[in-house]
Amino acid sequence: MQNDKIVFYDGNCKFCNSVCSFLKLRDIRDNLRFEPLDSNFTINFFSENNLDDFDCNTLYLYTNNRFYVRSAAVFKIFRYLKAPYPIIYILSFLLPTFIADYFYKIVANNRGSL
């Protein structure tokens, strides 16, 4: 499971589902697996990885035995998509995490109206 790249998202959110559909279309090498946060698989997987207090309103990426959250997960996901999207991952190194997370939280808090 070390090489798995699993995106955990809010499966009850229309915006989140739309974003996952967008990502799936651009994941031409089929690198990413998508799992809703409220699925049995996710609950068991997080429990097995000692992440029992996860937030159902947060995006997670699991890869190489590591969890990425919020904007770090978003940027890392772009790395696995077809061109030109990996450029966003590379450019993310120029943006401090606290600023990227600030904008992530604005989108996350307003996703119901998007």
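The values are calculated or read from the model by the stated rules, or taken from the named source; none is laboratory data. Since the model is a prediction, treat every value here as computed from it, not as a measurement. Cβ: placed from backbone, ideal geometry, glycine included. Neighbour counts: every protein chain shown.
Among the residues of the range 39-77, those identified as of a type in the set (A, V, I, L, M) and assigned to a loop (DSSP other than H, G, I, E, B) are L51, L59. Scanning the range 54-67 for residues that are in contact with a helix residue (DSSP H, G or I) (Cβ under 9 Å, 6 or more places away or on another chain), surrounded by fewer than 18 Cβ atoms within 10 Å (Cβ to Cβ) and not hydrophobic (A, V, I, L, M, F, W, C) yields a total of 2. Here N57, N110 are screened, and the one residue that is at pLDDT below 95, under 12 Å from the mean Cα position of the chain (by Cα) and of a type outside the set (G, A, S) is N57. Just to be sure I understand the filter: pairs with C-beta atoms under 8 Å, separated by 6 or more residues or on different chains, first member in the range 30-57 and within 12 Å of G11 (Cβ to Cβ) and without any contact (Cβ under 8 Å) to a residue 60 or more places away in the chain, second member part of a helix (DSSP H, G or I) and not aliphatic (A, V, I, L, M). Which pairs pass? So the pair list comes out as F34/C20; F34/K24; E35/F41; E35/T42; E35/F45; P36/T42. When we screen S113, S71, S92 for residues that are small (G, A, S) and farther than 18 Å from Y9 by Cα, the only hit is S92.
The set of residues in the range 1-38 being β-branched (V, I, T) and part of a loop (DSSP other than H, G, I, E, B) consists of I28 alone.
The selection criterion, being within 23 Å of Y80 (Cα to Cα) and of a type in the set (V, I, T), does not hold for I43.
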